[in-house]
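Have a look at the structure below, then the notes.
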Amino acid sequence: MSDSVARLDDVTVTVETRLLEVLAQRRARSRRFSAPYMQLWDSLERMARGGKKIRPRLLMDAYRALGGTDDRVALDAACAIELLHIALVIHDDVIDKDVMRRGEMNISGQFASEAMLRGTTRRDAHAWGEASSLLAGDLMLTLAHSLLARLEIPDEQRQSVLDIFDATVFESAAGEHYDVWLSLHLEPANPQDVLAMVDQKTAAYSFQAPLVLAAVLAGAPTSVIEELAVIARQIGVIYQLRDDVLGLFGDERDTGKSVLSDLREGKETLLIAYARSDPAWSEVEPLFGTEALSIADGHRLRRVIEESGALMFVESLITERCESVSQLIQEASLPAALREQLTDVTAACNLRSS
């Protein structure tokens with residue numbers, strides 16, 4: 001396990017180095033335009049620094065385990081996946097009207113704050129921050145597509161890669177759109193609805209895309225690609241369910257996020273969908289989705305959710321999914337190194353605290 005971690009750390013450094021190189025090229029081009037535009041690229045460079053690089057690490061390690069030998073091709077594909085992640089995170093923050101990310105101001109927050117310091121109104125500053133974020137996300141999507149389109153691979157393989165990217169963005173957008181719809185609470189959402197949304201929004205781009213792209217680039221047979229797609233979707237759901245639990249019951253020092261954020265936003269998670277079936281929910285439902293939710297009322301909501309059995313239900317589902325995907329991994333016709341990697345990734349998604 002220690003050797004595996006060391007290898008992943010090497011991959012993280014390599015990916016970040018190449019990612020910053022690609023972004024630096026764009027930042028240099030931005031000098032021909034306005035100062036705020038260059039500042040936007042500065043912000044994107046900062047976003048690319050640090051982090052766990054889960055998705056590109058997954059792609060690079062799977063590619064090598066499947067016999068891939070052209071690390072330059074895999075590296076740019078890995079960077080494209082990270083750029084897609086950055087794009088979706090930026091757009092997600094705009095949709096959720098968040099100005100913070102991991103305990104720091106995001107692009108919307110940075111640009112709005114600076115505009116207010118220079119004398120504009122709060123409304124105009126907010127609009128400027130959101131516009132900057134939307135354009136930044138668009139730029140990252142375009143750059144990700146450009147990296148994949150320029151891979152030095154056979155045309156047929158490139159077409160497959162671009163089809164995967166297109167399908168991933170298409171499905172992730174569907175999941176995000178459905179997430180926003182569920183948060184309007186215009187119709188009751190059952191646990192199956194929420195799980196379908198999670199599968200589309202998170203599993204598709206965070207786990208299926210990196211693994212399937214790695215397999216296609218390594219020239220793996222169709223049967224292996226199909227097995228990886230199924231395994232990836234399961235791991236993605238585990239990742240998001242754990243994320244939802246941490247959002248309400250995690251340690252804010254680890255998550256960098258208030259345990260009241262999802263409640264104030266009215267985020268429709270599996271925890272909420274389950275808690276709605278408890279009679280006590282009707283007493284606190286008016287508090288859910290209240291922007292000015294107090295700490296005391298937030299604790300009331302969390303207590304009702306926990307006492308409804310929702311937390312126990314989601315934890316048991318995570319355990320069940322972990323056991324299911326572990327069996328799939330062991331039965332799959334994958335190289336031993338890749339099976340070990342996927343087993344480690346599943347455990348990390350389950351046990352993470354941030």
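The values are calculated or read from the model by the stated rules, or taken from the named source; none is laboratory data. These numbers come from a predicted model, not from an experiment. Cβ sites come from the backbone with ideal geometry, for glycine too, and all protein chains shown count toward neighbours.
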Handout entry: Subset tally (residues that are within 30 Å of L342 (Cβ to Cβ), charged (D, E, K, R) and either touching a Gly at 6+ places or on another chain (Cβ under 6 Å) or touching a residue at least 24 places away in the same chain (Cβ under 8 Å) (or both)) for the stretch 19-55
Key = 4
Problem - Given (1) without any contact (Cβ under 8 Å) to a residue 24 or more places away in the chain; (2) in a helix (DSSP H, G or I), number of the condition S258 does not satisfy - result: (2)
Fill in the blank from the handout: Going through the stretch 97-124 in order, the residues found to be in a loop (DSSP other than H, G, I, E, B) and crowded, with 16+ Cβ neighbours inside 10 Å are D98, V99, N106
Problem - Checking M38 against (1) within 29 Å of H177 (Cβ to Cβ); (2) over 20 Å from the mean Cα position of the chain (by Cα), the condition it does not meet - result: (1)
Exercise for the section: Confirm whether I272 is within 25 Å of R102 (Cβ to Cβ) and buried (at least 20 other Cβ atoms within 10 Å of the Cβ). Expected result: yes
Practice task
Report, ordered by the first and then the second residue, all pairs with beta carbons closer than 9 Å, sequence separation of six or more or different chains, a first member in the stretch 305-334 that is assigned to a loop (DSSP other than H, G, I, E, B), and a second member that is basic (K, R).
Solution key: S308/R276; A332/R339
Exercise for the section: Of all residues in the stretch 286-299, count the ones that are surrounded by 15 or more Cβ atoms within 10 Å (Cβ to Cβ) and assigned to a helix (DSSP H, G or I). Expected result: 3
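Can G298 be described as over 21 Å from E252 (Cβ atoms) and over 25 Å from the mean Cα position of the chain (by Cα)? Show your work before the answer.
Details: over 21 Å from E252 (Cβ atoms): no; over 25 Å from the mean Cα position of the chain (by Cα): yes.
Here the answer is no, as G298 does not meet what is asked.
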Fill in the blank from the handout: Exception for D9 within (1) within 30 Å of L334 (Cα to Cα); (2) at pLDDT 95 or above falls at (2)
Practice task
Look at the stretch 159-205 and say how many of its residues are in contact with a helix residue (DSSP H, G or I) (Cβ under 8 Å, 6 or more places away or on another chain) and of a type in the set (F, W, Y).
Solution key: 3
Exercise for the section: Look at A80 and say whether it is in contact (Cβ under 8 Å) with a residue 12 or more places away in the chain and within 25 Å of G219 (Cβ to Cβ). Expected result: yes
Handout entry: Count of residues meeting criterion [closer than 30 Å to E226 by Cβ and assigned to a helix (DSSP H, G or I)] in the stretch 33-66
Key = 12
Handout entry: Hits in the stretch 261-281 - residues which are more than 20 Å from the chain's Cα centre (by Cα) and part of a loop (DSSP other than H, G, I, E, B)
Key = R276, S277, D278, P279, A280
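Could you tell me which of the residues L44, L23, L59, L40 is among the hydrophobic types (A, V, I, L, M, F, W, C) and farther than 17 Å from D138 by Cα?
Details: L44 fails: farther than 17 Å from D138 by Cα; L23 fails: farther than 17 Å from D138 by Cα; L40 fails: farther than 17 Å from D138 by Cα.
Within the list L44, L23, L59, L40, the selection yields L59.
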Completion exercise
Of the residues in the stretch 48-66, those that are of a type outside the set (D, E, K, R), under 18 Å from L23 (Cβ atoms) and surrounded by fewer than 23 Cβ atoms within 10 Å (Cβ to Cβ) come to A48, G50, G51
